[in-house]
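A short worksheet on the structure shown next.
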Amino acid sequence: MTHAGRDRGGGDGAARDPLAAYRGMRDPGRTPEPVPPAGPLPEGNDDTFVIQEHHARSLHWDVRLERDGVLVSWAVPKGLPLNPKDNRLAVHTEDHPIDYGSFQGDIPAGEYGGGKVILWDRGRYELEEWTDREVKVVFHGDRAEGRYVFFQTRGSDWMVHRMDGPPFPEWLPLPTGLTPMTATPGPLPSGDRRQWAYELAWAGNRILVAVEGGRIRITDQKVRNAGAAYPELRAMGAELGSTVCLLDGEIVALGRDGRPDSTLLRRRPARDSAPGAKDLREVPITFLAFDLLHQDGHDLTGRPYEERRQALEALGLEGARWGVAPAVPGTGRDALKVAHGLGLDAVVAKRRKSAYRPGDASEDWILVTG
Ligand code: MN
């Protein structure tokens, strides 16, 4: 690392200029980023940090620590881990000017790092150890909190590891290996109407989508890792940023009339390889999420349906190719009418107070065909 052991303000001029690499990669006339002229570096207390969420060609979080008048920086593709068992890649990048700590905005496409930069967190850090190969700090931010170590593995490749325990006592990692809860076929539920909510039965491909570090992992009961099957959904991961969640929903293909078309969908089955250009073009898919099983360290499966549904709607899933499956207000008969209008022949009645039971065919969800 260029800054290690450097004399503050001393040295032999341009050859020791820690921002030379930074300036060399940017044209101040073409980027809104701060590009200070060479000269004396500011003096601070070496105790502030900034983390920027950078929607470049590949999403990453830039973690920057104030040190000797610059921001020493790592690009962390999945952001700081919360799980003490994770080591995440952190690529050491060029020192940035202190002024960069307040930068957010759009770097024009085609420029170095083109894309949106969001200030994800800023705050103070405590230094525990700083050597050429290992940096231990405690973050005191609004979002970044706790002890972390950055350690070099090879060249500019470093790893970052959380040295504290989980962020809160009941924190859980994103679960893996869950299978969807399914509905039991039956008639429209009788009795107290207020106990039931209705959704459309889309007759699509049922999938679970895990989102973490801005990346998605798709599982389908027929294909263990269907991650490559629906590249349209990658942007949903980036859009969710650092939100960690597990979504349950269906892939549908909408025909020219805007109705779900199961014949069309059959051309895009879940599989572990990427679809061809022709299928991508001719079979546009949409992901409709209807349940939320985990969010930011909290297991939601034991929470009532109506609460999970509320949390799902609060996620803001609104993209060209993804969204929340609409709830259908009213009675079961009303819901069936809406279904018929879309060319569907069934609805799912869901008991409002019911928990999510992975892998179960439950009578709390009733598939009503009519
Ligand atoms: Mn970056």
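The values are calculated or read from the model by the stated rules, or taken from the named source; none is laboratory data. Keep in mind the model is a prediction, meaning the values are calculated, not measured. Counting neighbours? That spans all protein chains shown, and the Cβs are built from the backbone with ideal geometry, glycine included.
Overview of values
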{"read-out": "Index of the failed condition, residue 200 passing every other in (1) in the same structural domain as residue 287 (by TED's automatic domain parsing); (2) free of Cβ contacts under 8 Å to residues at least 24 places away in the same chain; (3) touching a strand residue (DSSP E or B) at 6+ places or on another chain (Cβ under 9 Å); (4) of a type outside the set (Gly, Ala, Ser)", "value": "(2)"}
{"read-out": "Single residue of the range 85-94 satisfying the filter (more than 13 Å from the ligand (Cβ to nearest atom) and charged (D, E, K, R)) that is surrounded by the fewest Cβ atoms within 10 Å (Cβ to Cβ)", "value": "85"}
{"read-out": "Search result, residues across the range 111-138 that are more than 14 Å from the ligand (Cβ to nearest atom) and either at pLDDT below 95 or crowded, with 17+ Cβ neighbours inside 10 Å (or both)", "value": "121, 122, 125, 130, 135, 136, 137"}
{"read-out": "Matching entry among 82, 71, 59 (being within 14 Å of the chain's Cα centre (by Cα), in contact (Cβ under 8 Å) with a residue 12 or more places away in the chain and within 15 Å of the ligand (Cβ to nearest atom))", "value": "59"}
{"read-out": "Residue check, residue 148 aromatic (Phe, Trp, Tyr), away from the ligand (no atom under 16 Å from the Cβ) and surrounded by 15 or more Cβ atoms within 10 Å (Cβ to Cβ)", "value": "yes"}
{"read-out": "Sole residue being within 10 Å of the ligand (Cβ to nearest atom) and farther than 16 Å from residue 160 by Cβ, chosen from 107, 98", "value": "107"}
{"read-out": "In the range 12-54, residue surrounded by the most Cβ atoms within 10 Å (Cβ to Cβ) [restricted to those that are modelled with pLDDT of 90 or more and part of a helix (DSSP H, G or I)]", "value": "22"}
{"read-out": "Among (1) within 12 Å of the ligand (Cβ to nearest atom); (2) out of contact with any Pro (no Cβ under 6 Å at 6 or more places or on another chain) - the single one residue 21 does not satisfy", "value": "(1)"}
